[in-house]
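Here the structure comes first, spelled out in structure tokens, and everything after it is commentary.
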Amino acid sequence: MSHNSTPQELVITRLFNAPRALVFRAWTDPRHLAQWWGPHGFTNPVCEVDLRPGGTIRIDMTDPTGIVYPMIGVFREIVEPERLVFTSGAFMDDDGVPQLEALNTVTFVEIGNQTELTLHAVVLRAGPMTLEALAGMEAGWTQSLEKLTNLLAG
């Protein structure tokens, strides 16, 4: 892959030292989700989850300088504690249409007392203003999952 191309698809697999039900809850309970979502240094003062097919997810990620990056999405499929499918959109235009949108499929596989999580993100829409964010998508997810690892370890 050349450096100026952008990923249209991303797969990350990670093993968590925690039971599957707990890892699933960390993805679906807004109190937990707010603690690990987003890159290092970001906080999430707004984190709302309506956990049902067609329900919405909204997270306002705030960077260390105070700039807010709203993320909105819709749950398409929920199979507790095995699978979550949801869209995530960011960088809204003046009409509130996300200029960067992805379809995320998260699977949770029990391996003894551990959980293997696989995130499969497919970019549905990427406007010209989102190339930098798109290029940073893997780093952002990697940092988020590192924060989740620390949260579950605590």
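The values are calculated or read from the model by the stated rules, or taken from the named source; none is laboratory data. Since the structure is predicted, the reported quantities are computational estimates derived from the model, not experimental observations. In this analysis, Cβ positions are derived from the backbone assuming ideal geometry, glycine residues included, and neighbour counts consider all displayed protein chains. Ligands, DNA and RNA are stripped out before the accessible areas are found, and what is left, the full protein with its side chains, is counted by its heavy atoms. Shrake-Rupley method; radii C 1.70, N 1.55, O 1.52, S 1.80 Å.
Any chance segment 123-131 includes a residue that's among the hydroxyl-bearing types (Ser, Thr, Tyr), modelled with pLDDT under 95 and buried (at least 18 other Cβ atoms within 10 Å of the Cβ)? Steps first, answer last, please.
So the first thing to find is which residues in segment 123-131 are among the hydroxyl-bearing types (Ser, Thr, Tyr), and the list is 130.
Next, from what is left, pick out any that are modelled with pLDDT under 95: 130.
Checking the rest, the ones that are also buried (at least 18 other Cβ atoms within 10 Å of the Cβ) come to 130.
Scanning segment 123-131 turns up at least one residue that is among the hydroxyl-bearing types (Ser, Thr, Tyr), modelled with pLDDT under 95 and buried (at least 18 other Cβ atoms within 10 Å of the Cβ).
Between a residue in segment 26-37 that is in contact (Cβ under 8 Å) with a residue 12 or more places away in the chain and open to solvent by less than 20 Å² (accessible area, probe 1.4 Å) and any residue that is assigned to a helix (DSSP H, G or I) and of a type in the set (Lys, Arg), which pairs come within a Cβ distance under 6 Å, given they are 6 or more apart or on different chains?
Pairs that qualify, where the first residue is in contact (Cβ under 8 Å) with a residue 12 or more places away in the chain and open to solvent by less than 20 Å² (accessible area, probe 1.4 Å) and the partner is assigned to a helix (DSSP H, G or I) and of a type in the set (Lys, Arg), are Trp36/Lys147.
What are the residues in segment 86-113 that are open to solvent by 60 Å² or more (accessible area, probe 1.4 Å) and touching a residue at least 60 places away in the same chain (Cβ under 8 Å), if any?
Val109, Glu110, Ile111, Asn113
What number of residues within segment 12-36 are assigned to a strand (DSSP E or B) and either in contact with a Ser or Thr (Cβ under 7 Å, 6 or more places away or on another chain) or closer than 14 Å to Glu80 by Cβ (or both)? Walk me through it before giving the result.
Keep residues of segment 12-36 that are assigned to a strand (DSSP E or B), which gives 12-16.
Narrowing the set further to residues that are either in contact with a Ser or Thr (Cβ under 7 Å, 6 or more places away or on another chain) or closer than 14 Å to Glu80 by Cβ (or both) leaves 12-13, 16.
Final tally of qualifying residues: 3.
Which residue, of Ala135, Ala126, is aliphatic (A, V, I, L, M) and within 19 Å of Gly41 (Cβ to Cβ)? Talk me through it step by step, then tell me what you get.
On the way: Ala126 fails: within 19 Å of Gly41 (Cβ to Cβ).
From the options Ala135, Ala126, the qualifying one is Ala135.
Taking Leu134, is it under 22 Å from Arg58 (Cα atoms) and either at pLDDT 90 or above or touching a Leu at 6+ places or on another chain (Cβ under 6 Å) (or both)? Please lay out each step first, then the result.
Details: under 22 Å from Arg58 (Cα atoms): yes; either at pLDDT 90 or above or touching a Leu at 6+ places or on another chain (Cβ under 6 Å) (or both): no.
No: the conditions fail for Leu134.
Run down Pro30, Pro45, Pro53, Pro39 and say which single residue is closer than 20 Å to Ala135 by Cβ and of a type outside the set (Gly, Ala, Ser). Before the answer, list the steps.
Working: Pro30 fails: closer than 20 Å to Ala135 by Cβ; Pro45 fails: closer than 20 Å to Ala135 by Cβ; Pro53 fails: closer than 20 Å to Ala135 by Cβ.
Of Pro30, Pro45, Pro53, Pro39, the one residue that is closer than 20 Å to Ala135 by Cβ and of a type outside the set (Gly, Ala, Ser) is Pro39.
Exactly one condition in (1) farther than 19 Å from Leu145 by Cα; (2) open to solvent by less than 20 Å² (accessible area, probe 1.4 Å) is not met by Asn44; state its number.
(1)
Among the residues of segment 53-64, is there at least one that is open to solvent by 60 Å² or more (accessible area, probe 1.4 Å), in contact with a strand residue (DSSP E or B) (Cβ under 9 Å, 6 or more places away or on another chain), assigned to a strand (DSSP E or B) and more than 22 Å from Arg25 (Cβ to Cβ)? Working first, answer last.
Just the residues of segment 53-64 that are open to solvent by 60 Å² or more (accessible area, probe 1.4 Å), to begin with: 53, 56, 58, 64.
Filter again for in contact with a strand residue (DSSP E or B) (Cβ under 9 Å, 6 or more places away or on another chain), leaving 53, 56, 58, 64.
In the following step, the residues that additionally are assigned to a strand (DSSP E or B) were identified as 56, 58.
Then drop every residue that is not more than 22 Å from Arg25 (Cβ to Cβ), which leaves none.
Checking segment 53-64: not a single residue is open to solvent by 60 Å² or more (accessible area, probe 1.4 Å), in contact with a strand residue (DSSP E or B) (Cβ under 9 Å, 6 or more places away or on another chain), assigned to a strand (DSSP E or B) and more than 22 Å from Arg25 (Cβ to Cβ).
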